[in-house]
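Working notes, structure below.
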Amino acid sequence: MSSATGTIAPPRYPGYAASRRMSWLESLSQPNSAARNFIYSATFWVAVTDTIGLVTSAEFVDPDLFGGIPWLEFGRVRPMHVNGVAFLWLSMGYVGVFFYIIPKLCGRPLYSERLANITMILWNIWGVALILTLGAGMTQAREYAEAIWPLDIWFVILLGLTAYNIFMTLATRIEPKLYVSVWYIIGALVWFPNVYMIGNVIWNPPFGALQGIDDSVWQWFYGHNILGLWFTTGGVGIAYYMIPAITRTPVYSHLLSLVGFWTLGLFYTMVGQHHLLQTPTPGWLKTVATLGSISLFVPVLTFITNIFMTMRGNWQKIYESVPLKFIITGVIFYLITCIQGPFQATQSFNRLIHFTQWIIGHAHLALLGAFTFILMGACYYVIPITLGRRIFSVKLAEAQFWLMTLGFLGFFISLQIAGLIQGACWMTTNHSVYWCLTAIRPYLIARSVSGALMVSGGWIQLYNLYKTATAGEFITAPAPAAVEAGGL
Amino acid sequence: MRMTLGSAVVGAAIVVFSVIFVVVAMPVLVFHPTPSDIAEPYTAAQLRGRQVYEANGCFYCHSQYIRPQDWNQPGVTDSNGRVAQSGDFAYQQPTMLGQHRNGPDLSEEGGVHPDDWQYAHFFNPRFVNPKSIMPQFSFLWTTDSAGNVTPTQDLKDLVAYVQNLGGKLADERYAEQVSQKALFANAIGAQANPNVPGDVSGQFSDTNQKALLSVVPQKFWTLLDPVPPDQRSLIDGKTIYVTNCIGCHGVQGNGEGPASQFFLNPYAYNFTNAKNMTSGLSTSPGSLYEHILYGIKGTAMQPFGQDLTVQNIWDLTNFLYTIPNGGLTAAEPTMDMFIQWRPSTELNQLSNAPLVSPGQGSAQISTQPPIAYRQPNQAWH
Ligand code: HEM
Ligand code: HEM
């Protein structure tokens, strides 16, 4: 089995960023500035939109908490939270990390640092517009596709600019070999804009929807594939870069990565219908979805095997490197997500847990447990290394890790229990939905409390990265290697 | 396999687009369900109301399709367990099937409740259902300087949309709500004292008592409570009252809960009238039981049969007879507060059915309550 890693050189000018004062405009064309700016923005958004998530969860516990304030009504804050974490935190963070990884693996700087920074600014304005329109009740009323038509177009342009920048970098690369992460990033950038346009029925401005039940089929093709073809593809690509880079170990198997990549594209695309297993939609679509969902074990297990085999002999490094700790935890949560997933996609189990809080637990296991953890690790890796500064406080980063991990476990476990109670209550007692709500109230309170721990984790990251950028200790040679190894 | 930029881009596109052809293009090419028996186009008001539903994200908590096992959702019993069909959604854009049930399914909600219930519920869902976690939509009202609230056009449209959920079946149910409401309005209207806000005296009028009786099967008219009104029964009954009924019937049981005061017409029933609770035409345990079990169409009284067990309802019924004697104000209702309801001569004449005495099958109409009622602590027979 051959191995394939990109060459990873230490930063060329440690401490260059602070070596002299720059004009603001000049700073926008500094190498890696876009990567950092994307990550700073994403970190800001995770703090804000997690807090919005906390508001959402509090409304389950006390529905009159913000009673009578239209823009804080549950049905309006919920999409703010979901779109915020999906398109502002995870997506901006991913793009930031891509902008760091791609030049590294191409052996040349990003095609246009300035264009990337412009994309970043436009993306943030888009984010503000998105949150404001959702708060005002302007929505297309389709989960994950709420953004109104002008914002849809704007978002496609943002993706287009990002893809253009990355593909131009790739086309003019110096390193001839394409490392695994690059395939995944290519995949994500080819797939996501298309999935977004199809799923949003972008050619139908007033509605952004089809008529009749086919609309649901399309919506959940989309709803699923932003998860499969963007968050998973991007997150796996990032993990494939970070883990070998931090442990300084080549990826275990090229073959496994290949199988994983192609089956991911093949099987993920099939499974949108597993969100609609009990709806009056065509049965053959459901069969395709269930078979595809079970087949997803192939890309998942190849990835997991590859990562764990790469980690052989390196496990002690998770004690030395906070980024690695985050990323490996994320990978483990990803494994759990994808063990849960195929079971959920079977008719028999779906009948029990569909419509319940179990699904919310699964959604957070995937996007929070798996990909937020991977991305947080990547943020803590990219920022110090590109600034040439040590992280401001490793203790705080550790604290963030434990707040996130314990908070998440509390959140996840209480929702899983709540989901099973709800499912059983509906199936076996025939009570109305209200009646069963009283049974899960304690778990919803536990969810809010543990959610609050995670929210504080987000704010800690914001503070820590801000302090790193302004007051982090400069790294002098030969320390960069240690930083690169994620030692902070 | 060596990956190049070209093979990665083209390969990725080929793999995904071939699957997209199957799972995205094929459905719209081959699957064109025709409108089902209940589907109908929306009116302009309903369509505007649908946009209010979208804007406020109602679909994040309410699904809009019934599965075969979903007997516990509103309207499903009325529609005899009708399961959603693909043609039901023919006129919807977007469809809002929904992925979560933090609240009940709404695909058969139209006509399950009358309009006044809907308005009270939107103002504050806890007015009509203390257990609900639905947000308030009080911002869909305007308040004038005197503190009177009036619904905005948005809200009226929203109610029009909600009352149409379930299409033609909803229209049928809604028509019944409207005609039943007219029945009660006539029955009470002339008697109510217009000078007293919230005057409920019309409820005790002969016409209204008979209107209430008319929705109860005759054999329940004089039925007595099979559960002895012992201490346990009364206390359980009170708990059930407090957790389910106060929004409309009020903490004093006089029908002046917040929902009633602001929205309901007719008012929620007043249980504080001792005379009425002793021998009212429509206040037999059997009638009360029936009203709690199935609700009263045309009024905001909703069915509780799904959530309360048979014993719960009988306990609740027992408790209601303590309200005129302070069952709600005292810390605990006691057995000496309990009023034994007896049919009046008029009701006996109205009722053809013989009084059913528990444990003995049918017997002659008797004005004496059965033994078990007088000595609640004794064994049942
Ligand atoms: C083997 C892989 C997976 C399978 C088979 C799977 C299966 C499922 C199924 C069947 C549901 C819908 C359950 C229902 O509503 O009845 C679901 C929901 C969900 N999954 Fe997965 N899942 C997998 C992995 C993932 C991953 C990797 C992510 C994130 C990137 C993810 C994110 C979500 C989210 C966010 C939802 C909730 C969607 C919503 O209702 O809004 N899943 N999954
Ligand atoms: C970065 C971290 C997070 C991510 C990626 C995330 C993602 C999501 C997603 C995808 C959904 C939609 C689930 C579905 O439709 O099935 C959701 C809903 C929700 N999230 Fe989060 N979330 C995060 C953090 C939080 C936190 C910290 C809290 C609470 C303190 C929270 C509370 C909620 C609540 C209450 C809902 C609505 C659940 C419902 O409708 O039943 N989330 N989140």
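Put the Cα centre of region B:31-101 next to the Cα centre of region B:272-340 and the gap is 35 Å.
One-quarter of the Cα convex hull surface for region B:92-186, in nm²? Dividing the Cα hull surface by four gives the mean projection, 7.7 nm². Per residue, the convex hull around the alpha carbon atoms of region A:311-488 comes to 109 Å³. Mean partner shielding of peptide A:431-444, defined as the number of other chain Cβ atoms within 10 Å of each residue Cβ, is 5. Peptide B:81-93 has a mean of 4 when you count, residue by residue, the C-beta atoms of other protein chains within 10 Å of its C-beta. Of the residues A:426, B:71, the one with the largest accessible area comes first in the ranking B:71, A:426, computed with a 1.4 Å probe on protein heavy atoms.
Under 5 Å from the amide H of residue B:326 lies no amide H of any residue 5 or more positions distant or on a separate chain, with H modelled from the backbone and absent for Pro and chain starts. Dipole of chain B computed with +1 at Lys/Arg Cβ and -1 at Asp/Glu Cβ about the Cα centre; of B:68, B:127, B:92, farthest Cα towards the positive end is B:68.
Between the alpha-carbon centres of region B:110-125 and region A:76-108 there is a gap of 43 Å.
Accessible surface computed residue by residue for chain A, with neighbouring protein chains in place and a 1.4 Å probe, gives 33 Å² per residue. For chain B, the longest principal axis of the Cα atoms and the long axis of helix B:44-55 meet at an angle of about 80 degrees. Counting only protein heavy atoms and a probe of 1.4 Å, the accessible surface of chain B is 58% carbon and sulfur. Two numbers describe the Cα atoms of region B:44-162: Rg and Dmax, which are 14.8, 50 Å.
Given a Förster distance of 60 angstrom, what is the FRET efficiency for residue A:108 paired with residue A:402, based on the Cβ-Cβ distance and rounded to 0.05? Calculated value: 0.95. By the gyration tensor of its Cα atoms, with a ≥ b ≥ c the square roots of the eigenvalues, what is the shape of region B:193-295: rounded for a/c under 1.5, prolate for a/b over b/c, or oblate? The shape class here is oblate. Note that the protein assembly as shown carries a Kirkwood radius of 29.8 Å, evaluated over its alpha carbons pair by pair. Partner lysines whose Cα lies under 27 Å from the Cα of residue B:131, excluding those fewer than 8 positions away in the same chain, are identified as B:156, B:181, B:238, B:297.
Absence of a disulfide-compatible partner, taken as no other cysteine beta carbon within less than 4.7 angstrom, is noted in chain A for A:106, A:338, A:379. What percentage of the solvent-accessible surface of chain A, computed with a 1.4 Å probe over protein heavy atoms, is contributed by carbon and sulfur atoms? Carbon with sulfur: 71 percent of the solvent-accessible area. Close Lys pairs in chain A (alpha-carbon distance under 19 Å; sequence gap of 8 or more, or different chains): 5. For the chain pair B and A, the buried solvent-accessible surface (1.4 Å probe, both sides summed) amounts to about 6900 Å². Dimensions of chain A from C-alpha coordinates, computed as largest minus smallest value along each principal axis and given longest first, are 69, 50, 47 Å. Angle between the Cα long axis of helix A:233-247 and the longest principal axis of chain A, 0 to 90 degrees, nearest 10? The helix A:233-247 is inclined about 40 degrees to chain A. The relative contact order of chain A, computed from alpha carbon pairs under 8 Å that lie at least 6 residues apart in sequence, is 19 percent.
Taking 37 °C and 0.692 mPa s as conditions, chain B diffuses translationally at an estimated 140 µm²/s according to Stokes-Einstein applied to its Kirkwood radius (Cα pairs). Placing unit charges on the Cβ atoms only, positive for Lys and Arg and negative for Asp and Glu, gives region B:11-145 a dipole magnitude near 400 debye about its Cα centre. When both region A:176-237 and region A:298-347 are represented by their alpha-carbon centers, they are found 23 Å apart. Against chain A, whose longest principal axis comes from its Cα atoms, helix A:297-310 is set at around 30 degrees. Quickly estimate the mean residue ellipticity at 222 nm for chain B, helices only: each DSSP H run with n ≥ 4 gives -39500 (n - 2.57), and the total goes over all residues, rounded to 500. The helix contribution divided over chain B gives -11000 deg cm²/dmol.
Computed from Cα atoms alone, the Kirkwood hydrodynamic radius reported for region A:293-382 is 14.1 Å. Its alpha carbons considered, region A:158-265 gives a radius of gyration followed by a Dmax of 16.6, 53 Å.
The values are calculated or read from the model by the stated rules, or taken from the named source; none is laboratory data. Predicted model, so just to flag it, every value in this text is computed and none were measured. When we count neighbours, we look across all protein chains shown, and the Cβ atoms used for this are built from the backbone with ideal geometry, even at glycine. Calculation scope for accessible area: heavy atoms of the full protein, side chains included, ligands and nucleic acids excluded. Shrake-Rupley method; radii C 1.70, N 1.55, O 1.52, S 1.80 Å.
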